[in-house]
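*Asks:* Following this message is one structure expressed as C-alpha coordinates.
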Amino acid sequence: MSTFGERVRAAIAAHGRLCVGIDPHETLLHDWGLPVDASGVREFGLRTVDAAASRVGIVKPQVSFFERFGSAGFAALEGVMAAARAAGLIVIADAKRGDIGTTMDAYADAWLTPGAPLEADALTANPYLGVGTLTHAFDLAEAHGKGVLVLAATSNPDAFTAQRALLSDGATVSAGIIAEVSARNAQRTPPGEWAALGFVVGATVDWHEAGLSVPVPSAPILAPGFGHQGAAPADLVRYGTAAATVVASESRSILSAGPDHLAARIAERASLYRG
(Lines give C-alpha, C1' and ligand atoms only; values in the text may rest on other atoms or scores of the structure.)
Protein backbone atom coordinates (compact mmCIF):
# COMPACT_ATOMS: atom_id res chain seq x y z
CA MET A 1 0.00 0.00 0.00
CA SER A 2 1.34 3.43 -0.96
CA THR A 3 1.86 6.09 1.66
CA PHE A 4 -0.23 9.22 1.46
CA GLY A 5 2.93 11.04 0.45
CA GLU A 6 3.45 8.71 -2.50
CA ARG A 7 -0.16 9.27 -3.56
CA VAL A 8 0.43 13.03 -3.46
CA ARG A 9 3.66 12.57 -5.39
CA ALA A 10 1.78 10.68 -8.12
CA ALA A 11 -0.97 13.32 -8.23
CA ILE A 12 1.60 16.09 -8.67
CA ALA A 13 3.36 14.15 -11.40
CA ALA A 14 0.08 13.60 -13.27
CA HIS A 15 -1.69 16.93 -12.75
CA GLY A 16 0.67 19.45 -11.17
CA ARG A 17 0.67 20.81 -7.65
CA LEU A 18 -2.58 22.83 -7.65
CA CYS A 19 -5.13 21.92 -4.98
CA VAL A 20 -8.63 23.35 -5.43
CA GLY A 21 -10.22 24.54 -2.22
CA ILE A 22 -13.93 23.87 -1.83
CA ASP A 23 -14.97 26.89 0.24
CA PRO A 24 -18.66 27.76 -0.20
CA HIS A 25 -18.59 31.23 1.34
CA GLU A 26 -21.99 32.84 1.65
CA THR A 27 -21.07 35.49 -0.91
CA LEU A 28 -20.02 32.80 -3.38
CA LEU A 29 -23.27 30.91 -2.87
CA HIS A 30 -25.14 34.10 -3.77
CA ASP A 31 -22.89 34.68 -6.78
CA TRP A 32 -23.50 31.12 -7.98
CA GLY A 33 -27.26 31.51 -7.58
CA LEU A 34 -27.42 28.87 -4.86
CA PRO A 35 -29.37 28.89 -1.59
CA VAL A 36 -27.46 29.61 1.62
CA ASP A 37 -28.21 26.26 3.20
CA ALA A 38 -27.06 22.65 3.18
CA SER A 39 -28.47 22.00 -0.28
CA GLY A 40 -26.55 24.99 -1.59
CA VAL A 41 -23.18 23.92 -0.21
CA ARG A 42 -23.78 20.38 -1.46
CA GLU A 43 -24.49 21.60 -5.00
CA PHE A 44 -21.54 24.00 -4.81
CA GLY A 45 -19.24 21.19 -3.73
CA LEU A 46 -20.43 18.71 -6.33
CA ARG A 47 -20.06 21.24 -9.15
CA THR A 48 -16.53 22.02 -7.98
CA VAL A 49 -15.68 18.32 -7.89
CA ASP A 50 -17.01 17.86 -11.43
CA ALA A 51 -14.92 20.78 -12.69
CA ALA A 52 -11.78 19.64 -10.82
CA ALA A 53 -11.85 15.98 -11.84
CA SER A 54 -9.14 15.16 -14.41
CA ARG A 55 -7.82 18.74 -14.24
CA VAL A 56 -6.15 18.55 -10.82
CA GLY A 57 -5.33 15.72 -8.47
CA ILE A 58 -6.27 17.19 -5.09
CA VAL A 59 -9.21 19.07 -3.54
CA LYS A 60 -9.58 20.55 -0.06
CA PRO A 61 -13.06 21.07 1.39
CA GLN A 62 -13.09 23.65 4.18
CA VAL A 63 -15.19 21.82 6.77
CA SER A 64 -16.51 24.92 8.56
CA PHE A 65 -18.56 26.07 5.57
CA PHE A 66 -20.50 22.80 5.72
CA GLU A 67 -20.54 22.40 9.49
CA ARG A 68 -22.41 25.67 10.00
CA PHE A 69 -25.56 23.98 8.64
CA GLY A 70 -25.50 21.27 11.28
CA SER A 71 -26.30 17.65 10.53
CA ALA A 72 -27.58 18.50 7.04
CA GLY A 73 -24.31 20.31 6.34
CA PHE A 74 -22.27 17.33 7.43
CA ALA A 75 -24.40 15.09 5.22
CA ALA A 76 -23.66 17.45 2.33
CA LEU A 77 -19.95 17.27 3.09
CA GLU A 78 -20.07 13.48 3.20
CA GLY A 79 -21.61 13.45 -0.27
CA VAL A 80 -19.10 15.91 -1.69
CA MET A 81 -16.09 14.05 -0.31
CA ALA A 82 -17.43 10.69 -1.46
CA ALA A 83 -18.00 12.07 -4.96
CA ALA A 84 -14.49 13.54 -5.05
CA ARG A 85 -12.85 10.30 -3.95
CA ALA A 86 -14.95 8.34 -6.46
CA ALA A 87 -13.67 10.71 -9.17
CA GLY A 88 -10.09 9.81 -8.29
CA LEU A 89 -9.32 13.03 -6.44
CA ILE A 90 -7.29 13.10 -3.23
CA VAL A 91 -9.46 14.74 -0.56
CA ILE A 92 -7.88 16.80 2.21
CA ALA A 93 -10.45 17.58 4.92
CA ASP A 94 -9.46 21.00 6.22
CA ALA A 95 -10.82 20.59 9.73
CA LYS A 96 -7.74 21.54 11.82
CA ARG A 97 -8.73 19.13 14.57
CA GLY A 98 -6.74 19.12 17.78
CA ASP A 99 -7.45 17.94 21.33
CA ILE A 100 -6.14 15.56 23.98
CA GLY A 101 -6.60 11.89 24.76
CA THR A 102 -9.63 9.99 23.57
CA THR A 103 -11.21 13.18 22.21
CA MET A 104 -8.51 13.61 19.57
CA ASP A 105 -8.57 9.86 18.97
CA ALA A 106 -12.27 10.10 18.13
CA TYR A 107 -11.61 12.95 15.69
CA ALA A 108 -9.01 10.77 13.99
CA ASP A 109 -11.46 7.86 13.80
CA ALA A 110 -14.12 10.10 12.24
CA TRP A 111 -11.95 11.39 9.41
CA LEU A 112 -9.33 8.70 8.76
CA THR A 113 -11.10 5.37 9.25
CA PRO A 114 -11.82 3.55 5.97
CA GLY A 115 -15.57 3.38 5.42
CA ALA A 116 -16.41 6.11 7.96
CA PRO A 117 -19.12 8.57 6.83
CA LEU A 118 -16.59 11.44 6.87
CA GLU A 119 -13.71 9.45 5.40
CA ALA A 120 -11.09 11.66 3.79
CA ASP A 121 -7.65 10.95 2.38
CA ALA A 122 -6.00 13.38 4.77
CA LEU A 123 -6.86 15.63 7.69
CA THR A 124 -5.34 18.93 8.77
CA ALA A 125 -4.49 18.80 12.47
CA ASN A 126 -3.50 21.25 15.20
CA PRO A 127 -0.39 20.17 17.18
CA TYR A 128 -0.40 23.02 19.68
CA LEU A 129 -1.70 20.82 22.51
CA GLY A 130 1.37 18.67 21.91
CA VAL A 131 2.45 16.66 18.90
CA GLY A 132 1.99 13.54 21.01
CA THR A 133 -1.77 14.12 21.14
CA LEU A 134 -1.88 13.28 17.42
CA THR A 135 -0.31 9.83 17.80
CA HIS A 136 -3.51 7.88 17.11
CA ALA A 137 -4.19 10.01 14.03
CA PHE A 138 -0.66 9.33 12.81
CA ASP A 139 -1.08 5.60 13.43
CA LEU A 140 -4.38 5.47 11.52
CA ALA A 141 -2.97 7.44 8.61
CA GLU A 142 0.09 5.22 8.29
CA ALA A 143 -1.98 2.03 8.57
CA HIS A 144 -4.49 2.99 5.88
CA GLY A 145 -2.55 4.97 3.28
CA LYS A 146 -3.90 8.27 4.57
CA GLY A 147 -2.26 11.48 5.69
CA VAL A 148 -2.15 14.03 8.49
CA LEU A 149 -1.06 17.57 7.64
CA VAL A 150 0.14 19.27 10.81
CA LEU A 151 -0.13 23.02 11.23
CA ALA A 152 3.45 24.23 11.44
CA ALA A 153 3.55 27.87 10.33
CA THR A 154 0.55 29.95 9.36
CA SER A 155 0.58 33.43 7.90
CA ASN A 156 -1.85 35.11 10.31
CA PRO A 157 0.03 37.53 12.63
CA ASP A 158 -2.06 36.44 15.64
CA ALA A 159 -0.25 33.10 15.54
CA PHE A 160 3.27 34.48 15.50
CA THR A 161 3.60 34.76 19.30
CA ALA A 162 3.05 31.03 19.76
CA GLN A 163 4.59 29.70 16.58
CA ARG A 164 7.75 31.81 16.70
CA ALA A 165 8.41 31.44 20.42
CA LEU A 166 11.80 29.85 21.14
CA LEU A 167 12.29 26.40 22.61
CA SER A 168 15.11 25.56 25.01
CA ASP A 169 17.35 24.55 22.11
CA GLY A 170 16.81 27.92 20.40
CA ALA A 171 14.53 26.61 17.66
CA THR A 172 11.11 28.15 17.08
CA VAL A 173 8.02 26.18 18.04
CA SER A 174 7.20 25.82 14.33
CA ALA A 175 10.63 24.36 13.63
CA GLY A 176 10.30 22.06 16.63
CA ILE A 177 7.01 20.67 15.32
CA ILE A 178 8.55 20.00 11.92
CA ALA A 179 11.56 18.32 13.53
CA GLU A 180 9.43 16.09 15.78
CA VAL A 181 7.11 14.91 13.01
CA SER A 182 10.02 14.50 10.59
CA ALA A 183 11.80 12.25 13.08
CA ARG A 184 8.78 9.93 13.09
CA ASN A 185 8.63 10.03 9.30
CA ALA A 186 12.29 9.06 9.10
CA GLN A 187 11.65 5.98 11.22
CA ARG A 188 8.56 4.80 9.34
CA THR A 189 8.95 5.82 5.70
CA PRO A 190 10.86 3.62 3.24
CA PRO A 191 13.92 5.34 1.75
CA GLY A 192 13.12 7.46 -1.27
CA GLU A 193 9.37 7.64 -0.56
CA TRP A 194 7.29 10.61 0.52
CA ALA A 195 5.88 10.26 4.01
CA ALA A 196 2.31 9.96 5.29
CA LEU A 197 2.72 12.90 7.67
CA GLY A 198 3.18 16.39 6.32
CA PHE A 199 2.80 20.02 7.23
CA VAL A 200 0.78 23.16 6.64
CA VAL A 201 3.04 26.13 5.90
CA GLY A 202 1.35 29.27 4.60
CA ALA A 203 2.38 30.45 1.16
CA THR A 204 3.17 33.95 2.41
CA VAL A 205 5.22 32.82 5.44
CA ASP A 206 8.77 34.15 5.57
CA TRP A 207 10.73 30.99 6.36
CA HIS A 208 13.66 32.88 7.87
CA GLU A 209 11.44 34.92 10.21
CA ALA A 210 9.54 31.77 11.20
CA GLY A 211 12.82 30.04 12.00
CA LEU A 212 12.22 27.31 9.46
CA SER A 213 15.80 26.49 8.62
CA VAL A 214 15.06 22.81 9.29
CA PRO A 215 14.99 20.83 6.04
CA VAL A 216 11.69 19.07 5.46
CA PRO A 217 12.63 15.66 4.06
CA SER A 218 10.15 14.22 1.56
CA ALA A 219 6.99 15.26 3.38
CA PRO A 220 3.91 16.77 1.71
CA ILE A 221 3.51 20.47 2.47
CA LEU A 222 0.06 22.00 2.11
CA ALA A 223 0.50 25.65 1.23
CA PRO A 224 -2.66 27.75 1.58
CA GLY A 225 -2.58 31.36 0.49
CA PHE A 226 -2.02 31.17 -3.26
CA GLY A 227 -4.30 33.22 -5.47
CA HIS A 228 -6.74 35.50 -3.61
CA GLN A 229 -4.53 35.74 -0.50
CA GLY A 230 -1.64 37.11 -2.49
CA ALA A 231 0.88 34.35 -3.21
CA ALA A 232 1.72 33.52 -6.83
CA PRO A 233 3.28 30.40 -8.37
CA ALA A 234 6.62 32.21 -8.45
CA ASP A 235 6.50 32.30 -4.63
CA LEU A 236 7.18 28.57 -4.49
CA VAL A 237 10.83 29.61 -4.17
CA ARG A 238 10.02 30.49 -0.53
CA TYR A 239 10.04 26.77 0.20
CA GLY A 240 13.59 26.29 -1.02
CA THR A 241 14.60 22.64 -1.36
CA ALA A 242 11.20 21.61 0.09
CA ALA A 243 9.33 23.09 -2.90
CA ALA A 244 9.19 19.74 -4.68
CA THR A 245 6.62 18.43 -2.19
CA VAL A 246 4.41 21.54 -1.99
CA VAL A 247 0.68 21.33 -2.70
CA ALA A 248 -0.43 24.84 -3.67
CA SER A 249 -3.97 25.59 -2.52
CA GLU A 250 -6.20 28.14 -4.23
CA SER A 251 -9.85 28.73 -3.39
CA ARG A 252 -11.57 32.06 -4.02
CA SER A 253 -9.30 32.95 -6.96
CA ILE A 254 -10.78 29.89 -8.70
CA LEU A 255 -14.29 29.72 -7.25
CA SER A 256 -15.00 33.36 -8.09
CA ALA A 257 -15.12 32.36 -11.76
CA GLY A 258 -18.62 30.99 -11.15
CA PRO A 259 -20.07 27.64 -12.18
CA ASP A 260 -20.13 28.36 -15.91
CA HIS A 261 -16.44 29.21 -16.12
CA LEU A 262 -15.10 27.10 -13.26
CA ALA A 263 -13.59 24.28 -15.33
CA ALA A 264 -11.75 26.73 -17.57
CA ARG A 265 -10.42 28.66 -14.57
CA ILE A 266 -9.18 25.46 -12.92
CA ALA A 267 -7.43 24.39 -16.14
CA GLU A 268 -5.85 27.83 -16.48
CA ARG A 269 -4.58 27.95 -12.91
CA ALA A 270 -3.45 24.33 -12.93
CA SER A 271 -1.20 24.99 -15.92
CA LEU A 272 0.76 27.51 -13.82
CA TYR A 273 1.72 24.87 -11.26
CA ARG A 274 3.05 22.18 -13.56
CA GLY A 275 6.66 21.43 -14.15
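*Asks:* Name the single residue, out of those in region 234-254 being over 17 Å from the mean Cα position of the chain (by Cα) and not small (G, A, S), that is farthest from I22 (Cα to Cα).
*Replies:* Looking at residues that are over 17 Å from the mean Cα position of the chain (by Cα) and not small (G, A, S), I get T241.
*Asks:* How many residues does region 189-243 hold that are farther than 23 Å from I254 by Cβ and assigned to a loop (DSSP other than H, G, I, E, B)?
*Replies:* 22
*Asks:* Mind listing whichever residues of region 72-86 are surrounded by fewer than 23 Cβ atoms within 10 Å (Cβ to Cβ) and closer than 19 Å to G5 by Cα? Full working, then the answer.
*Replies:* Step one: filter region 72-86 for residues surrounded by fewer than 23 Cβ atoms within 10 Å (Cβ to Cβ), giving 72-75, 78-79, 82-83, 85-86.
Matches in region 72-86: R85 only.
*Asks:* Out of W194, W207, report the one residue that is aromatic (F, W, Y), out of contact with any Pro (no Cβ under 6 Å at 6 or more places or on another chain) and over 19 Å from A159 (Cα atoms).
*Replies:* Result: W194 is the single residue among W194, W207 that is aromatic (F, W, Y), out of contact with any Pro (no Cβ under 6 Å at 6 or more places or on another chain) and over 19 Å from A159 (Cα atoms).
*Asks:* Further question: Taking the stated definitions as given, is T102 touching a His at 6+ places or on another chain (Cβ under 8 Å) and at pLDDT 95 or above? Give the derivation first.
*Replies:* Values: touching a His at 6+ places or on another chain (Cβ under 8 Å): no; at pLDDT 95 or above: yes.
The answer is no for T102.
Residues checked against (1) within 18 Å of D139 (Cβ to Cβ); (2) buried (at least 16 other Cβ atoms within 10 Å of the Cβ); (3) in contact (Cβ under 8 Å) with a residue 40 or more places away in the chain:
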{"site": "A179", "(1), (2), (3)": "no, yes, no"}
{"site": "R184", "(1), (2), (3)": "yes, yes, yes"}
{"site": "W194", "(1), (2), (3)": "no, yes, yes"}
{"site": "V200", "(1), (2), (3)": "no, yes, yes"}
{"site": "L212", "(1), (2), (3)": "no, yes, yes"}
{"site": "L222", "(1), (2), (3)": "no, yes, yes"}
{"site": "P233", "(1), (2), (3)": "no, yes, yes"}
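*Asks:* Further, regarding this structure: Just to be sure before I move on: is R164 farther than 26 Å from L89 by Cβ, at pLDDT below 95 and of a type in the set (D, E, K, R) in the structure I sent?
*Replies:* Yes.
*Asks:* Considering region 94-115 alone, what residues qualify as being in a loop (DSSP other than H, G, I, E, B) and either surrounded by 15 or more Cβ atoms within 10 Å (Cβ to Cβ) or under 19 Å from the mean Cα position of the chain (by Cα) (or both)? Don't jump to the end; show me each part of the working.
*Replies:* Narrowing region 94-115 to residues in a loop (DSSP other than H, G, I, E, B): 98-100, 113-115.
Those that are in a loop (DSSP other than H, G, I, E, B) and either surrounded by 15 or more Cβ atoms within 10 Å (Cβ to Cβ) or under 19 Å from the mean Cα position of the chain (by Cα) (or both): G98, D99, T113, P114.
*Asks:* Mind listing just one residue for me: the one in region 153-188 that is outside any loop (DSSP other than H, G, I, E, B) and of a type in the set (D, E, K, R) and, of those, farthest from A223 (Cα to Cα)? Explain how you work it out, then say what you get.
*Replies:* Narrowing region 153-188 to residues outside any loop (DSSP other than H, G, I, E, B): 153, 157-163, 166, 172-188.
Retained after the next criterion (residues that are of a type in the set (D, E, K, R)): 158, 180, 184, 188.
Values: D158: 18, E180: 20, R184: 21, R188: 24 Å.
Ranking the candidates gives R188 first.
*Asks:* Ok, one more. Looking for something over 24 Å from V80 (Cα atoms), at pLDDT below 95 and outside any loop (DSSP other than H, G, I, E, B) - is there at least one such residue anywhere in region 140-149?
*Replies:* Within region 140-149, none of the residues are over 24 Å from V80 (Cα atoms), at pLDDT below 95 and outside any loop (DSSP other than H, G, I, E, B).
*Asks:* Would it be correct to say that G33 is small (G, A, S) and either within 29 Å of T245 (Cα to Cα) or in contact with a Ser or Thr (Cβ under 8 Å, 6 or more places away or on another chain) (or both)? Please lay out each step first, then the result.
*Replies:* Numbers: small (G, A, S): yes; either within 29 Å of T245 (Cα to Cα) or in contact with a Ser or Thr (Cβ under 8 Å, 6 or more places away or on another chain) (or both): no.
Taking the combined requirement at face value, the residue does not satisfy it.
*Asks:* Between a residue in region 254-270 that is at positive phi and surrounded by fewer than 19 Cβ atoms within 10 Å (Cβ to Cβ) and any residue that is assigned to a helix (DSSP H, G or I) and basic (K, R), which pairs come within a Cβ distance under 9 Å, given they are 6 or more apart or on different chains?
*Replies:* G258/R265
*Asks:* If you take just the helices (runs of 4 or more DSSP H) that sit entirely in region 1-71, which of them hold at least 3 residues that are at pLDDT below 95 and buried (at least 23 other Cβ atoms within 10 Å of the Cβ)? Let's see the steps before the verdict.
*Replies:* On the way: elements: 4-15, 26-31, 38-52, 64-67.
Hits in region 1-71: none.
The values are calculated or read from the model by the stated rules, or taken from the named source; none is laboratory data. Everything numeric in this text was worked out from a predicted model, so none of it was measured. All Cβ positions, glycine included, derive from the backbone under ideal geometry; neighbour counts span all protein chains shown.
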